[in-house]
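Worksheet: the structure to be examined is printed underneath.
Computed from the coordinates by the stated procedures, all read-outs in this text should not be read as laboratory data. All values reported here derive from a predicted model rather than from experimental measurement. For neighbour counting, all protein chains shown are included, and Cβ atoms are generated from backbone atoms with ideal geometry for every residue, glycine included.
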Amino acid sequence: MCRHIITPSFAVLGLLALPVSSFAAGPYGVSLTLSHKGKAFAAPSVVVDDGVPATIKVSGHDGYMLTITVTSAGQNRLMVATKLDSAYGSIHPAMMVAPGQTASATVGDVAISINAHERGS
């Protein structure tokens, strides 16, 4: 007995009609400012792939561990999820941002500002 897998042609044609950017996004360049009581204590930058978490760890007096994940949210929007554990406290915001625009969040005395853009743009 011979069995065949048949893929509806409209499904294949639908995939071919999607723009290339629907299949892959990024990598993203991300610049951050980490602050305590309004005073910046770090300004890391990192390049991340879409949906792949990146971690930055710095030891010392102003030490911190920062994990960041950027995913395309469509319509010229990026979802940026962060987790910051620092000598000054912790903050774990997730923000919807427009590429190239700065977004920020503050919890208590700790703040994080984020600017993300697709590399090459």
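If you stretched the chain out fully between Ser45 and Asp109, how much longer would it get, using 0.36 nm times the residue separation minus the C-alpha to C-alpha distance?
Length gained, Ser45 through Asp109: 20.9 nm.
I'd like the Karplus ³J(HN,Hα) series for region 70-79: coefficients 6.51, -1.76, 1.60, θ = phi - 60°, whole numbers in Hz, and an x wherever there's a Gly or Pro.
10, 10, 5, 10, x, 6, 6, 10, 10, 9
So how much slack lies between Ala98 and Asp85, counting 0.36 nm per residue of separation and subtracting their Cα-Cα distance, in nm?
2.2 nm
Counting Lys and Arg as +1 and Asp and Glu as -1, what is the net charge of the other residues whose Cβ lies under 14 Å from the Cβ of Thr71?
After counting each charged neighbour, the total is -2.
Based on the Cα gyration tensor of region 25-118, what are the three equivalent ellipsoid semi-axes, each the root of five times an eigenvalue, rounded to whole Å and given largest first?
Computed over region 25-118, the values are 22, 13, 10 Å.
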